[in-house]
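Accompanying notes for the structure given below.
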Amino acid sequence: MSKKQKLELTWIGKDKRPRLEPRILLEDKALSYRADDPITSVQAEIPFAGQDNIPPKFSHNNLLIHGDNLLALKALEQQYAGKVKCVFIDPPYNTGSAFTHYDDGVEHSLWLSLIRDRLEAIRMLLAEDGSLWITIDDNEAHYLKVLCDEVFGRGNFVANVIWQKRTSPEARLPLGAAHDHILVYGRSAKTIRFNKLPLSDEQAKNYKNPDNDPRGSWASTDFTAQGWRPNQMYKLVTTAGVEYEPPPGRCWANVEPELKRLLADDRIWFGKDGKARPRVKNFLNETTGVSAWSWWTNSEVGHNQEAKKEINQLFGADDAFSTPKPERLIKRILEIATNPNDLVLDSFAGSGTTGAVAHKMGRRWIMVELGDHCQTHIVPRLKKVITGEDQGGISKAVNWQGGGGFRYFRLAPSLLKKDTWGNWIINKAYNAEMLSEAMCKHMGFQYAPSQAHFWMHGHSTETDFIYVTTGSLSHDQLKVISDEVGNNRTLLICCKAFMAETGAFANLTLKKIPQAILNKCEWDHDDYSFSLNVLPDDESGENLEISQVLDNEEE
């Protein structure tokens, strides 16, 4: 029987997928920052735990993570799967151009693999009503569209927003690009509910009051709809006695009883002489906003020069990023896709524009950045936001005065490393607490050490717990633990060794470490942004390797 064919994008190395180690995150408190008193409670040490009542403006739950973004996305999976409302990413455009803070020019097949792996991880984190927004240019946009169709499902494609990123043509090119693409996908397009945008001053000017309606200014919309519906194909008579039927290929926008209701409420306009085709009056004081469309001009959301000016003001012209995104562009996305206190993720943080804008707009945020500028640029920028010193970008538009904070994390090293003889052992960099948290992640438990019971390091349910130790447990020690656990609870014990039959205690499950986790993932692999073997063997049988850093297209 032949394999069922399907429409898909294929490339060299597509079948190769990394087996990611779910790392724990280690806070660097010297780089964490907040506007008010430092974190003191044990509960507050756990990201987002027990802090739902903090006003969005003063949330300290924001996370800045330094490390490989694919490993970071995996590290976030257990706690944040299905919780991220909006993901904005500005990945490398794969243009072949070298920039100061990153290298952007990955061989095409490698680029597709690297992006695919990150898209799959992002999809796991998105909420059911969440959305992904990806900026890209013409070099890879159309391949990326097909790739996103495969990862998210073609039915979950929302729009290809065209952003006018330039203010004038490029003189050196016969036909210069004036735009970037922003591909928009939903975790489930059926459940997405985007917000309307506030009326601009220009849009408000379209509202007038030619008939002196006491309800104030209004703008009209066409009273027809595309298609043919039998109950919407009636004849209509204007106030001046002119008779109309729907234009060819269209029908009236509503059934006749609804038209009569609108007429009685003086919401149908037939022109000043009463002879024009009907239009519906929409009053300014009843307008909740306007629906966004897929054409964004630079006058609405900013352009490259505006973005560079913002970055120059923050970092200086000699130490700025080459291709930042303007704060107004990120603001537009978050206005549409999120509400205050929603969680926003950017795993290609660049100079930190997404986090800065989300912070000013009262959204919670998580950013990931591999480069050293995570510390040298993003941290200082966010501090200026928190103190209120940053009054550039959208600050004045949202009346930002400062507040809140963030926590700075690094990815922990690999849990297992090889010893001198090539045997996998627990990394000596891990202390008891780190080991317990890591094992909880590997075994599917929530890390929550108990103060009352030494053997309660985490739980999977209200009655199922885990205990992690590097010690060897005797039969008598296991008996004591078993008696304390009791008949109504179960306990997974991960230890170096145990002196008992694995089924000796009905309420205990015994596992040795590291044997219990050896085959779960790839160990001691710290960088998934380069040195991936994706090409076939050459004639000599040696593997061809492409080595290329995948950092970010700066935002």
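The values are calculated or read from the model by the stated rules, or taken from the named source; none is laboratory data. Keep in mind it's a predicted model, so treat the numbers as computed, not measured. As a convention, Cβ positions derive from the backbone with ideal geometry for all residues, glycine included, and neighbour counts pool all protein chains shown. Accessible surface is based on the protein model in full, side chains and every heavy atom, while ligands, DNA and RNA are left aside. Shrake-Rupley method; radii C 1.70, N 1.55, O 1.52, S 1.80 Å.
Computed from the coordinates I sent, Cα Rg over 2.2 N^0.38 Å equals one of [x] 1.19; [y] 1.27; [z] 0.96. Tell me the label.
The calculated read-out lines up with [x].
Taking the DSSP beta bridges in the chain as the whole, what percent of them are antiparallel, to the nearest 5?
Working: 42 of 76 bridges.
Beta bridges within the chain, antiparallel portion: roughly 55 percent.
Can you pull out the chymotrypsin sites (Phe, Trp or Tyr not before Pro) in segment 101-160 that DSSP calls coil and that have at most 15 other Cβ atoms within 10 Å?
On the way: sites: Y102, W111, W133, Y143, F152, F157; in loops: Y102.
The qualifying sites: there are none.
Working only with C-alpha atoms, what are the Rg and Dmax values of segment 418-487, expressed in angstrom?
Reported Rg and Dmax, both Å: 13.9, 44.
Roughly how many Å² is the accessible area per residue of the chain, as a whole number, for a 1.4 Å probe? Before the final figure, lay out the partial values.
Working: 27100 Å² over 555 residues.
Per residue, the chain has 49 Å² of solvent-accessible surface.
When the accessible area of the chain is split by element with a 1.4 Å probe, what percent falls to carbon and sulfur? Show your work: numbers first, answer last.
Details: 13490 of 27100 Å².
Ligands and nucleic acids excluded, carbon and sulfur reach 50 percent.
Figure the gain on full extension for K83 and T221 (residue separation times 0.36 nm, minus the Cα-Cα span) and round it to one decimal in nm.
On the way: separation 138, 0.36 × 138 = 49.68 nm, distance 3.82 nm.
Here the segment from K83 to T221 would lengthen by 45.9 nm.
Say the dipole of segment 367-499 comes from +1 at the beta carbon of Lys and Arg and -1 at that of Asp and Glu; which of G444, H377, V480 then lies farthest toward its positive end?
My answer, from the dipole projection, is H377.
Using only the heavy atoms of the protein chains and a 1.4 Å probe, how would D68, D266, D419 rank by accessible area, largest first?
Ranked list, largest accessible area first: D266, D419, D68.
If you take every residue apart from R193 with its C-beta less than 13 Å away from the C-beta of R193, what net charge results, scoring Lys and Arg +1 and Asp and Glu -1?
On the way: positive: K85, R187, K190, K196; negative: E128, D129, D342.
After counting each charged neighbour, the total is +1.
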